[in-house]
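Report on the following structure.
The values are calculated or read from the model by the stated rules, or taken from the named source; none is laboratory data. All figures in this text were calculated on a predicted structure; none of them were measured in a lab. All Cβ positions, even for glycine, are placed from backbone atoms using ideal geometry, and neighbour counts span all protein chains on display.
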């Protein structure tokens, strides 16, 4: 269990009553006349909902968790009674900790301090072990210097596995044993390299304890031959720039180049012996290893999922950690699109019904084998799966597997693809039950206690979020209210908020697109309003959801009378939660259907709504959204009525040959097999940019380790060489900023720049731009 450091909560459970005010199936409109101002929305929304994230404690008494008090102490609370005790006093909590973990027997706390960010998920730190009874702390290793990459308690027995210098170590009863010794710049033991962290696992470790703590499965990544990309840091966190920039040498496999190879290993914790289990599912240079999961109560079997390089074939391999033998127990052909690394496997064990085989053991997984993501039971030793859910909707997440009651709790899109409701299904009888009213539009999730006796229902929108505590014995009446966000509701009562609505557009080719529309407060249909589209649009993503929408910059640009933009967010083809066919249609041609959908939607909306100002229609996107914006500007010139008059392009991909192999080849295959696709999806034509009446701006961090500044540099070169007028466009490089653009106050500056550009566009008269005057207006605060 891990807790990241957040604002302290200091909550008291409220008595069980119906939540007040009752939530409506829409975004809040406010109840007053005051309009949102810039400073309360940007760069951070001041009016925001709070939610308590609970990590449940295992123990004799179910329903206990740890949280942080107002003075910084760790408090052990009973979610049922509201009683609490001090777990770690405030004066014993290490200063400036980043994250902490509590041992399974609750007698120790592991603290990460002296934090230094590495990549999106990974960081370096020192680790302290604290005895709960005495409060004393000792270093994980005496000579640590902020160089530990990861550490984790074993499920039982007291051991701690950790990684330092890309080598795996075991700490047990104050004795440290080094397990591997050849880790280094090219060899990563038990932690992912950059591309596996970013694109495959989404986490900073790649080792897994067996449930009985007798074994550890871990992956090793070899970057020999992987190309190096050098990122200069011009300021390098100094007040005065050094004469020579510091260069980060990042092993970054671009499409068509050498990938890191991967090895699967088993550590026997009784002997500290490591056994390599050969991966033979695909050739070494054609192998990506994704999910790893123990499928046992003890240590009899662990499964890893091997993909081919372009991730349209997979094989699940079962490994016996004692003998080292392995066999393929499940495989799939997904060459109609791609196969996602779902990371959803959870072990179930035997199922108490003769139809499942009394001696068989099973695990649950989510797969879109029938065209929609659904729950399936798979036999551990291989064989035919049993489909538990079905229909033209998708299971989103597995929340809890309760083997004592034969229940799987999950969220799904059964009501609508923009919504989530919570259900349970009995995997022995296939009886399904809703834990919430799934006839009402909403977005729910839930968190279950360790034994599954209690759970927290979290309402996440579209109205103001709240959380309630329930018991399985009384699932209709809450035991208590955990968070109500009453303060936020009070604040909103004084505001006049934009009106957010949801609908679908029926495309003439037979599919629908989900739309989120935001109208300014006091909207008057007799007036004309400027328009901003705000897509992301990447594969499997979803921006149009019925979660509560933060009162951020998007709300501000709609609220300020001097801007009063109507915004549209539209999920184009290729995005998620509408079935495999809708997703996979973009395979081998990213950047073709996505801009076509956005352009068609804009044209349709302009035709249908007289209050949309066709002279001022823009698009702003970041990352894939930046790429999508660039492709829209490039390709709309080929239509009879190009709808977009300006564009704001942030941190864009401009040529997929420059992006990493594991993401790109999943959707585009390799340049060797799809050269035409790569050529057509790159931004290669400047004519559309030169024809945009209101111009465009490009923003990018020079220290971006994800979407390299190379993308923007190539686009700028194209625009300059093709003679696009300098009055049409502006480029803003953000020194040393990564993909988030935050270094040195960059985020605040970026949003002021964007705001000024929107005002400039609204003030522009006629079909042609007249040069940049974006700094003319001071932002209203």
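Odds and ends about this structure:
- Residues of the range 329-376 satisfying the condition of being within 18 Å of residue 304 (Cα to Cα) and surrounded by fewer than 18 Cβ atoms within 10 Å (Cβ to Cβ): 331, 332, 333, 342, 343, 346, 349
- The criterion of at least 3 residues that are closer than 18 Å to residue 134 by Cα and under 27 Å from the mean Cα position of the chain (by Cα) is met by the following strands (runs of 3 or more DSSP E) wholly inside the range 63-106: 99-102.
- Count - residues of the range 512-530 that are touching a residue at least 60 places away in the same chain (Cβ under 8 Å), closer than 17 Å to residue 605 by Cβ and in contact with a helix residue (DSSP H, G or I) (Cβ under 8 Å, 6 or more places away or on another chain): 3
- Restricting attention to the range 386-399, the residues that are in contact (Cβ under 8 Å) with a residue 40 or more places away in the chain and surrounded by 18 or more Cβ atoms within 10 Å (Cβ to Cβ) total 6.
- The combined condition, being at pLDDT below 95 and out of contact with any strand residue (DSSP E or B) (no Cβ under 9 Å at 6 or more places or on another chain), is fulfilled by residue 640.
- Test result for residue 615, free of Cβ contacts under 8 Å to residues at least 24 places away in the same chain, within 17 Å of residue 642 (Cβ to Cβ), surrounded by fewer than 23 Cβ atoms within 10 Å (Cβ to Cβ) and in the same structural domain as residue 696 (by TED's automatic domain parsing): no
- For residue 482: the one exception among (1) within 15 Å of residue 50 (Cα to Cα); (2) assigned to a loop (DSSP other than H, G, I, E, B); (3) out of contact with any helix residue (DSSP H, G or I) (no Cβ under 8 Å at 6 or more places or on another chain): (2)
- Residue check for residue 586: touching a helix residue (DSSP H, G or I) at 6+ places or on another chain (Cβ under 8 Å), surrounded by 22 or more Cβ atoms within 10 Å (Cβ to Cβ), part of a strand (DSSP E or B) and assigned by TED's automatic domain parsing to the domain that holds residue 645: no
- Scan of the range 82-108 for residues that are in contact (Cβ under 8 Å) with a residue 60 or more places away in the chain and surrounded by fewer than 16 Cβ atoms within 10 Å (Cβ to Cβ), ordered by number: 82
One line per residue, one yes/no per condition, for (1) at pLDDT 95 or above; (2) crowded, with 22+ Cβ neighbours inside 10 Å; (3) over 14 Å from residue 619 (Cα atoms); (4) not assigned by TED's automatic domain parsing to the domain that holds residue 647:
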| residue | (1), (2), (3), (4) |
| --- | --- |
| 519 | yes, no, yes, no |
| 525 | yes, no, yes, no |
| 534 | yes, yes, no, no |
| 559 | yes, yes, yes, no |
| 580 | yes, no, yes, no |
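- Candidates 319, 302 - the one that is within 18 Å of residue 220 (Cα to Cα), at pLDDT 95 or above and more than 27 Å from the chain's Cα centre (by Cα): 319
- Residues (out of contact with any helix residue (DSSP H, G or I) (no Cβ under 7 Å at 6 or more places or on another chain) and in a helix (DSSP H, G or I)) located in the range 549-569: 554, 555, 558, 559
- Residues of the range 109-136 classified as over 24 Å from residue 166 (Cβ atoms) and surrounded by fewer than 19 Cβ atoms within 10 Å (Cβ to Cβ), total: 6
- Residues that are closer than 15 Å to residue 19 by Cα, touching a residue at least 40 places away in the same chain (Cβ under 8 Å) and surrounded by fewer than 12 Cβ atoms within 10 Å (Cβ to Cβ), drawn from the range 473-504: 477
- Scanning the range 571-578 turns up no residue that is in the same structural domain as residue 761 (by TED's automatic domain parsing) and more than 22 Å from the chain's Cα centre (by Cα).
- Screening the range 137-159 for residues that are within 28 Å of the chain's Cα centre (by Cα) and more than 21 Å from residue 120 (Cβ to Cβ) and picking the one that is surrounded by the most Cβ atoms within 10 Å (Cβ to Cβ) gives 153.
- The number of residues in the range 363-372 that are closer than 21 Å to residue 426 by Cβ and without any contact (Cβ under 8 Å) to a residue 40 or more places away in the chain comes to 4.
- Enumerated strands (runs of 3 or more DSSP E) restricted to the range 362-472, each holding at least 1 residues that are more than 23 Å from the chain's Cα centre (by Cα): 362-367, 374-379, 395-402, 407-412, 421-426, 432-434, 454-459, 466-471
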